[in-house]
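*Asks:* Take a look at this one; I'll ask things after.
Just so it is clear, none of the values below were taken in a lab; they were calculated from the coordinates. Remember, predicted model here, so these are calculated numbers, not experimental data. Every residue, glycine among them, receives a Cβ derived from its backbone with ideal geometry; neighbour counts consider all protein chains shown.
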Amino acid sequence: MSELGHGSNVREVETVTTYDSNTQEFVINTPCESAQKFWIGEAANHATHAIVFSPLNINRSNQGVHAFIAQIRDADGYLCQNVWIADCGRKIGLNGVDNGQIWFGNVYSRGYGM
């Protein structure tokens, strides 16, 4: 849920998800640098999926923040298309947790949950 620009303030989430009625999928996008997901546990090296919190837009109407399942790596550990991940770097503690930054470039997701 956390984003670089405002931590975990859900009301200010900048990541955008749009429903594509042609494919019946949700399209997740990081529109600006401050919208990158940040401090996401296990994202830097290990996670294959992420729960992404973002406002849902349907026909240009904001439906509020929802949770979406997005695949970020394939079964072999390679990043999925249009997903970029970086390690958050060394921390004061808990360096065994690979916190990461995630950017989505119009990533299609069939998974959806509320």
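*Asks:* Need the full-extension length gain, residue 78 to residue 6, defined as separation in residues times 0.36 nm minus the C-alpha distance. One decimal, nm.
*Replies:* Numbers: separation 72, 0.36 × 72 = 25.92 nm, distance 2.89 nm.
That pair, residue 78 and residue 6, stretches by 23.0 nm at full extension.
*Asks:* Now, a different point. Would you tally the net charge around residue 98, using a Cβ to Cβ cut-off of less than 10 Å, leaving residue 98 out, and scoring K and R as +1, D and E as -1? Intermediate results must be reported in sequence, preceding the final value.
*Replies:* On the way: positive: none; negative: 42, 87.
Neighbour charge sum, excluding residue 98 itself: -2.
*Asks:* Now a separate question. Please list, in order along segment 40-52, the HN-Hα scalar couplings obtained from phi with the Karplus expression 6.51 cos²θ - 1.76 cosθ + 1.60 (θ = phi - 60°), rounded to whole Hz, x for Gly and Pro.
*Replies:* Calculated HN-Hα couplings, in order: 7, x, 6, 6, 4, 10, 10, 4, 9, 9, 9, 8, 10 Hz.
*Asks:* If you don't mind, another one. Starting from the exponent 0.38 and prefactor 2.2 Å, build the expected Rg for the chain from its residue count and divide its actual Cα Rg by it. Let's see the in-between values first.
*Replies:* Details: Rg = 13.8 Å, N = 114, 2.2 N^0.38 = 13.3 Å.
Computed over Cα atoms of the chain, the ratio equals 1.04.
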